[in-house]
Structures are given as C-alpha cells and as structure tokens.
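As structure tokens, the structure follows; a few thoughts come after it.
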Amino acid sequence: MDMGIAGKRALVCASSKGLGKGCAEALAAEGVDLVLNARTVGPLEETAQKIRDTYGVKVIAVAADITSEEGRAKVLAAAGHVDILVTNAGGPPPGVWSDWDREDFVKALDANMLTPIALMKALLPAMIDQGWGRVVNITSQSVKSPIAALGLSNAARAGLTGYVAGTSRQVAPSGVVINNLLPGIHATDRAVSLDSGVAKAQGISMEQAIETRSAGIPARRYGTAGEFGATCAFMCSQYAGYMIGQNILLDGGSMNATM
Ligand code: NAP
C-alpha cells in the first residue's frame, strides 16, 4: 500500500527510542524526511544515522527537552516547514493520589498536555495554508481506561484529548487531520521501568512481572514499536483524510469494552 506521503517532512518528538522511534522508522520507510528529537545526544544521533542508512531519507536530529519552551523553540527553528507532526514525551511517574501536589500536576500538564498543544499551535497555521497536514499525538490507553497509579498521566492526557476533540474539527475543513494514538503496554524502556516497579512492589522477578502483566492482555504479549509505528504511518497517510479527532487504541484487547 502506497501511503502517498513520500517527500513530506515530519517532526517526530521524543524519538530516539521506543514508540517515537517506531513512528519515525515507519514514516522513513514511506519516504518521509524526518526531524528527530530527544534530550540525550548519543542515542539520538545513533537512531538518526541508522534511519539515514536504512531508508535513505533526510534526517535532522535536535537534542532538546521538548517539554521546555527553549527546547521547543530550538526544535521548531531547526525543523522549518513541517507537513506531519507526531507529538510525544516521557510519561509522568507512578504514585498514589495523595502524593501529588500542584507542582507535580503542573509538570505533568506541561509535558503531556501543554507541550503538544504548543507544537500544534506553532505548526498548524502552515499546514492550514497549504491545505494538508497530519498530527498524531501519542497519548495512552489511560485516557479510555484509567491506570490508578498513573493519575498524573490520566489527568494530563485527558486534558489533551479534550483539546484535540474540538481543535481537530476546527482545522478539518483545511485538509488538516489530527488524531491521537493510544498505546497499551508496549515493549520499550518505559515498560521495563513500569515492570520493575511491579516486580519491586510485589517482590517478584522481572520475568514474573512481565508474565503477570502479559496474562492480563487478551493478545498475551506486549505490543511492539514496529506495530505502533505502522499504525502511526497510516494515520499520517493520504488514506487518513476522513479520520478526524479519533482516539485509536493499540492495547492487545486489554480494555474490555464493546465499543
Ligand atoms: P521510552 O521507551 O522510555 O522512550 C522515550 C523517548 O522519549 C526516548 O527517546 C527519550 O529520550 C525521549 N524523551 C523523553 N522525555 C523527553 C523530553 N522531555 N524531551 C525530548 N525527548 C524526550 O518511552 P515509550 O515507551 O516510547 O513511551 C512514549 C510515551 O508513550 C510516553 O509518554 C509513555 O508514557 C507513553 N506510553 C507508553 C506505554 C508503553 O507501554 N511503552 C504505554 C502507555 C503510554 P531522552 O530520554 O534522551 O530524552
């Protein structure tokens, strides 16, 4: 299937590893030039070079904290014209409702709600002017099915989801498509860190923690960054023009719901 996006230019945030990297690789496989971002230079440059070598697309790598105003300014200045935006950042730490105070919420809202909103505000005008654009926000299954220990994430991502629900309908007449992609458990560093939390809390090994968490997923396994990236590439494709403001859940069937 030709996604019809070869030669377009995508900014993929937080993309040296994990789900962001999966999205970057899938877009590169479609011939999309990339602007990659992460905070740590080494893995970022390594991913950028691997993508250049494998797919032959142009790749700019910008080391910056995308959740800070300075970081975003640096990334946007280096990116220039962008046809496709994939927003992403690290997720907030787990905890208990009584642990979190105002500063914790401000940090989570900054990273997982206000950062994607600022990036959309910066890049949507040019997409509207050219009559074509795609935005995919990486959020979480916690938007549909709350994860109690991730209250900061539940709250911030639900806020972004509300914003996207309205904004996607305001920009749709200009050929700009905004949707959210909701990961359930995927085999990335983030999953390893959550697995080790489970192992520690329950006094079990990492293998047992993975087995326990996999047993609760109808697909009986974690998702892969490759599967996630392929879905992202489709949501950025010429075929996604009629998909407006949707929340696409990739969770191996974990959320038990008829619709
Ligand atoms: P990951 O494997 O830990 O990768 C995170 C990537 O983001 C790395 O490249 C990291 O590089 C970069 N990054 C983190 N914070 C950044 C920042 N402030 N500015 C720029 N780059 C940043 O995580 P993942 O599993 O791909 O998760 C991606 C998102 O999906 C997270 O928000 C996570 O909460 C959410 N999610 C993941 C799962 C899952 O099972 N994996 C499930 C639900 C939701 P640097 O550290 O070098 O910056």
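The values are calculated or read from the model by the stated rules, or taken from the named source; none is laboratory data. No experiment lies behind these values; they were computed from the predicted model shown. Neighbour counts are summed over all protein chains in view; Cβ atoms, including those assigned to glycine, are modelled from backbone coordinates with ideal geometry. Surface areas here come from the heavy atoms of the whole protein model, side chains and all, with no ligands, DNA or RNA. Shrake-Rupley method; radii C 1.70, N 1.55, O 1.52, S 1.80 Å.
Across K200, K17, the residue with the most accessible area heads the list, and the full order at a 1.4 Å probe is K200, K17. Taking other residues whose beta carbon is less than 15 angstrom from the beta carbon of M243, and scoring Lys, Arg as +1 and Asp, Glu as -1, yields +2.
Report note on the peptides 49-59, 33-43: ranked by the mean count of other C-beta atoms within 10 Å, highest first, their order is 33-43, 49-59.
Ranked by solvent-accessible area (1.4 Å probe, protein heavy atoms only, all chains present), the residues M127, M3, M113 order from largest to smallest as M113, M3, M127. When the inverse distances between all different Cα atoms of the stretch 24-69 are averaged and flipped, the Kirkwood radius reads 10.7 angstrom.
A viscosity of 0.890 mPa s and a temperature of 25 °C, combined with the Kirkwood radius over Cα pairs in Stokes-Einstein, give a translational diffusion coefficient for the chain of 132 µm²/s. Give me the base-10 log of I(q)/I(0) for the stretch 165-259 at each q in 0.17, 0.18, 0.23 Å⁻¹, Debye formula, one uniform scatterer per Cα, rounded to two decimals. Relative scattering, expressed as log10 I(q)/I(0), comes to -0.81, -0.87, -1.12.
Pairs over the 25 Å Cα-Cα cut-off, from the set K21/K58; K144/K200; K17/K58: K144/K200. Within the stretch 1-150, the percentage of alpha carbon pairs spaced more than 25 angstrom apart rounds to 30%.
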